[in-house]
Amino acid sequence: MSEIKLKQIMGVLDQLAEDTSVPRNIRRGATQAKERLTQVDEALDVRAASAIYILDDLANDPNIPLHGRTLIWNVISQLETVA
């Protein structure tokens, strides 16, 4: 995965984490997924799979607004090209 693509994904996760129209647990999960992606002591595919796991749980939350779910699905699809 290119460094540019990874930065774009992290930018979207930051955007989601700072969106006050999204429930707090979703913002917290976006931050956790970003932290998993930044751990350089693990292989990139392991980090991506861990982030996908976190984001998949968030996407299935019934309280998430539609725009937040769409952002999460977009990030998951980008991360799946790595994992």
Restricting the stretch 1-38 to residues that are over 23 Å from residue 67 (Cα atoms) and over 14 Å from the mean Cα position of the chain (by Cα), the one surrounded by the most Cβ atoms within 10 Å (Cβ to Cβ) turns out to be 1
Collect the residues in the stretch 1-34 that are farther than 22 Å from residue 62 by Cβ and of a type in the set (Ser, Thr, Tyr), keeping them in residue-number order.
2
Of all residues making up the stretch 68-77, the number that are buried (at least 16 other Cβ atoms within 10 Å of the Cβ) and either in contact with a Pro (Cβ under 8 Å, 6 or more places away or on another chain) or not charged (D, E, K, R) (or both):
5
What number of residues within the stretch 39-67 are over 13 Å from the mean Cα position of the chain (by Cα) and buried (at least 19 other Cβ atoms within 10 Å of the Cβ)?
1
Does the stretch 1-26 hold any residues that are at pLDDT below 90 and among the polar types (S, T, N, Q), and which are they?
2
Sole exception among (1) outside any helix (DSSP H, G or I); (2) among the polar types (S, T, N, Q); (3) closer than 24 Å to residue 81 by Cα for residue 15, by number
(1)
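The values are calculated or read from the model by the stated rules, or taken from the named source; none is laboratory data. All figures in this text were calculated on a predicted structure; none of them were measured in a lab. So basically every Cβ, Gly included, is an ideal-geometry build from the backbone, and we count neighbours across all protein chains shown.
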